[in-house]
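Report on the structure given below.
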């Protein structure tokens with residue numbers, strides 16, 4: 001459970017921080033709140049549709065691979081977002097981020113279920129989600145300072161690096177976390 005918590009805390013913190021700063025990024029490139037809503041809706045729709053497909057992948061793509069693929073894909077996409085020259089490129093990025101989120105979330109849930117014991121599962125999952133939420137709060141506090149000190153583009157690069165690191169750390173998640 002240790003490596004699941006470490007890698008996915010980093011991923012959840014990065015993913016949680018990027019959302020509010022998308023508005024700032026879009027304002028800097030001259031877009032509106034309506035465009036932000038459509039972008040976020042596209043991301044959410046892509047995630048919802050992808051979850052249906054990913055559910056059937058577990059047989060040949062175990063939880064650890066889902067975590068690695070989802071986090072690396074999200075990190076790679078966030079590296080590209082600040083360089084997007086056209087709005088359609090940001091829409092494509094949102095679709096890819098939706099796919100990445102689906103892989104990460106499904107992998108996380110499968111891995112956590114496999115790493116917990118049925119007698120104490122609720123308690124263990126509660127502690128896991130509490131730790132992730134606390135780290136997300138700390139990340140949000142730090143992101144305000146990063147944005148004040150640097151720029152929204154710099155923040156995207158920091159978050160991309162965090163997601164790429166989460167993907168690499170996911171390689172340490174034991175295969176034994178796969179449910180039977």
To the nearest 500 deg cm²/dmol, what mean residue ellipticity at 222 nm is calculated for the chain from DSSP H runs of n ≥ 4 alone, each contributing -39,500 (n - 2.57), summed and divided by the residues? -28000 deg cm²/dmol
In degrees between 0 and 90, to the nearest 10, how far off the longest principal axis of the chain does helix 152-169 point, with axes built from Cα atoms? 20
Tell me, what is the percent relative contact order of segment 2-171, built from C-alpha pairs under 8 Å that lie six or more residues apart? 46
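For residue 151 and residue 57 in the same chain, what is the full-extension length gain: residue separation times 0.36 nm, less their Cα-Cα distance, in nm?
Gain on extension, residue 151 to residue 57, equals 30.0 nm.
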Could you please rank 108, 123, placing first whichever residue has the fewest other Cβ atoms within 10 Å of its Cβ? 123, 108
So which residue, out of 84, 100, 11, gets the largest mean-square fluctuation from a GNM of the chain using Cα contacts under 10 Å as springs? 84
Multiply the residue gap between residue 37 and residue 113 by 0.36 nm, knock off their C-alpha separation, and tell me the result in nm, one decimal place. 24.0 nm
Pull out the extension gain between residue 121 and residue 141, defined as 0.36 nm times the separation in residues minus the alpha carbon to alpha carbon distance; nm, one decimal. 4.2 nm
By the C-alpha gyration tensor axes a ≥ b ≥ c (rounded if a/c is under 1.5, else prolate when a/b exceeds b/c, else oblate), the shape of segment 58-124 is prolate
Against the longest alpha carbon principal axis of the chain, how many degrees, from 0 to 90 and to the nearest 10, is the axis of helix 63-80 turned? 10
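What share of Cα pairs, in percent, lie more than 21 angstrom apart in segment 1-88?
Numbers: 1601 of 3828 pairs.
The calculated P(r) of segment 1-88 puts 42 percent of pairs beyond 21 Å.
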Taking the inverse of the average 1/r across all pairs of different Cα atoms in segment 2-171, what Kirkwood radius in Å do you get? 16.4
Could you identify which residue out of 50, 149, 116 has the top mean-square fluctuation in a GNM of the chain using Cα springs shorter than 10 Å? 149
Taking 1 over the mean of 1/r across every pair of different Cα atoms in segment 21-64, what Kirkwood radius in Å do you get? 12.4
Which of 14, 85, 63 fluctuates most in a GNM of the chain (C-alpha springs under 10 Å)? That residue is 85
Which angle between 0 and 90 degrees, to the nearest 10, do you get for helix 2-28 versus the longest principal axis of the chain when only C-alpha atoms count? 20
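Bear in mind that the values in this text are calculations on the coordinates, not laboratory data. All of these numbers come straight from a predicted model, not from anything done at the bench. Please note: Cβ atoms are built from the backbone with ideal geometry, for glycine as well, and neighbour counts cover all protein chains shown.
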